[in-house]
Amino acid sequence: MQKDEHMKDEGAEGDLCQCEEEAFRCSEEARRLLEARDRSADGHSQRRREFIALGVFGALVLAGFVILTSYINAGHNLNVAATSIDDIAGDMTGYDVVLFEGTALPSSDSDASPDSPENEEGGSDSSSQTVTLEEARTHYSEKNASVMEVGPDSFQDYMTGRIVMKQGHTYGIFSLTPDMVSELVVPKQTTTKTTTTQTETSPGIFGITNETVTTRTTGAYDSVSDIFSSVDPESVDPGLVEHIQDILDRFAAAKVDTVIALTTDPTPFCAVEGVDVVISFKRCDRFSMAETIDGTLYFDAPEVGDVGVLMIAPGNVASTKVLTEVP
């Protein structure tokens, strides 16, 4: 009897309670510890669910970006393919076509020394001409395309920028003359070729030895992306960049649809944005295929004798072609 009373008193002093998890009695302090443990477990579980939700959201955003990029690229490629189909089919109604003669020297001519008579006379033999500008103009006019022509001879006409309208489509065209870009530091490579000839004065006896040394200096790049990777945009003349930007601002204010730049060197355009197409007219450097960099299409004028073709579809999608013969 005394033992039971003693246990009852001890329970009163310790404020014992019945825990829900198990059938044993615990103190108030133990109960608080258990409740704190449960709350901590709930907090960890909540944070884990939040991290999982953020991970799923991030994955969905990334997947959406990939899908959107693929859709845009696929749409552009489909538009370019549609241009090729219309060109082959012979119906280019609604298209604008920009034509220009090739200026790059063929390999056989460009190997000559810069001081050779061929270069001094300013070009290769006209007999190498495969397509004339007149033939190209007639070819695309018969396909119902709207045709305009540009070239080095028209640089002076576009120095300050001009807006041209074709079939309701507006073009902002400007040029950088050779003297504007002549001081740019463009990577160059020099190759030297030595040819040795000997004169046989009698059987088995050779006389004077003649050596001919040919030196050629060309751009040290195969594409515009190559030169952009080796040129610091900060090295471009700030005054030239400001001049280009001023023209682009005026075109933007006029809300032109397509901006086209004419130049002999694409280097300055690594320092500006807002140009849709850059056409480069070079002579001593090799011709490189068209490529798109940061939304700008770069297109070298082809070799002498060919005609460069820039085609603008009704949806303002640009594509290029080198015309080597007229069907």
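Of these, D300, D294, which one is at pLDDT 90 or above and either farther than 23 Å from P106 by Cα or among the basic types (K, R) (or both)?
D294
Among the numbered criteria (1) on the phi > 0 side of the Ramachandran plot; (2) part of a strand (DSSP E or B); (3) of a type outside the set (D, E, K, R), which one does L310 miss?
Answer for L310: the failing condition is (1).
Please specify each residue of region 126-166 satisfying the condition of being in a loop (DSSP other than H, G, I, E, B) and among the aliphatic types (A, V, I, L, M).
Of everything in region 126-166, those that are in a loop (DSSP other than H, G, I, E, B) and among the aliphatic types (A, V, I, L, M) turn out to be V131, A145, V150, M159.
Quick one: which residue in D276, D300 is within 18 Å of S175 (Cβ to Cβ) and buried (at least 22 other Cβ atoms within 10 Å of the Cβ)?
D300
Which of the residues that make up region 313-327 are out of contact with any His (no Cβ under 7 Å at 6 or more places or on another chain) and on the phi < 0 side of the Ramachandran plot?
Hits for region 313-327 are A313, P314, G315, A318, S319, T320, K321, V322, L323, T324, E325, P327.
Go through (1) surrounded by 21 or more Cβ atoms within 10 Å (Cβ to Cβ); (2) polar (S, T, N, Q); (3) touching a Ser or Thr at 6+ places or on another chain (Cβ under 7 Å) and name the single condition T258 misses.
It fails just one condition, (3).
Could you list, in sequence order, all residues of region 310-324 that are more than 19 Å from the chain's Cα centre (by Cα) and under 14 Å from L133 (Cβ atoms)?
V322, L323, T324 - these are the residues of region 310-324 that are more than 19 Å from the chain's Cα centre (by Cα) and under 14 Å from L133 (Cβ atoms).
How do the strands (runs of 3 or more DSSP E) wholly within region 167-283 filter down when requiring 2 or more residues that are in the same structural domain as T103 (by TED's automatic domain parsing) and at pLDDT 95 or above: which remain?
So the answer is 169-175, 258-263, 277-280.
The values are calculated or read from the model by the stated rules, or taken from the named source; none is laboratory data. As the structure is a computational prediction, the values presented were derived from the model and not from experiment. Glycine gets a Cβ as well: all are built from the backbone with ideal geometry, and neighbour counts include every protein chain shown.
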